[in-house]
Structure formats: C-alpha cells, structure tokens
Amino acid sequence: MPYYLYKMNEGVSSMIKNLECLDEFESFQEAKKQARAKRQEQDPDDKTIYKVIFAANQLAAEEMLTEKREEPILREWEK
C-alpha cells in the first residue's frame with residue numbers, strides 16, 4: 001500500500017476540509033521528507049496542514065482524513 005501526501009485547508013465550516021493529493025510514495029521516509037519540506041516552505045500565517053497517510057488507495061485515504069474523530073479523554077494526571 002502506498003503513502004499519500006495531502007494538503008488540507010479549512011472549508012466552508014470546520015466539518016468540511018478541502019483536500020488536495022500532492023503525491024504518492026512507496027516508502028514512508030520519502031513521504032515524510034517531502035511533507036517536512038512543504039512545511040518548511042510554508043508561510044507562518046498560512047493555516048494549511050500537510051499530512052502523510054497510509055491507505056490502500058486515494059479514496060480510502062480521503063475517507064480517513066475527513067472522518068470525525070473524538071477528542072481523547074484527559075485523565076487527572078495528564079492535565
């Protein structure tokens with residue numbers, strides 16, 4: 001399965017994300033290197049997020065990136 005590099009921006013609301021697949025990689029090291037390079041080039045005021053995701057295909061990757069995840073529960077000792 002390949003690794004995908006995505007560029008994510010906020011959409012109309014916080015629930016909707018604009019996704020753009022930038023590239024596909026065979027190894028995680030290559031994908032991570034490219035993501036770090038993109039983040040370094042990024043303007044500090046830019047709210048774009050670059051994510052690497054491992055998925056069977058591009059559709060599965062986009063589904064995983066857009067699904068709503070619950071926030072983790074903080075324990076008393078973690079505060």
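Assorted remarks:
- Screening the candidates Ile73, Ile49, Ile53 for the property of being β-branched (Val, Ile, Thr), at pLDDT 95 or above and out of contact with any Ser or Thr (no Cβ under 8 Å at 6 or more places or on another chain) yields one hit, Ile53.
- Only residues that are of a type in the set (Phe, Trp, Tyr) and over 9 Å from Tyr3 (Cα atoms) were counted across region 50-79, and they come to 2.
The values are calculated or read from the model by the stated rules, or taken from the named source; none is laboratory data. Computed from a prediction, not measured in an experiment: that's the story for all the values here. Using ideal geometry, Cβ is built from the backbone for each residue, glycine included, and neighbour counts are taken over all protein chains shown.
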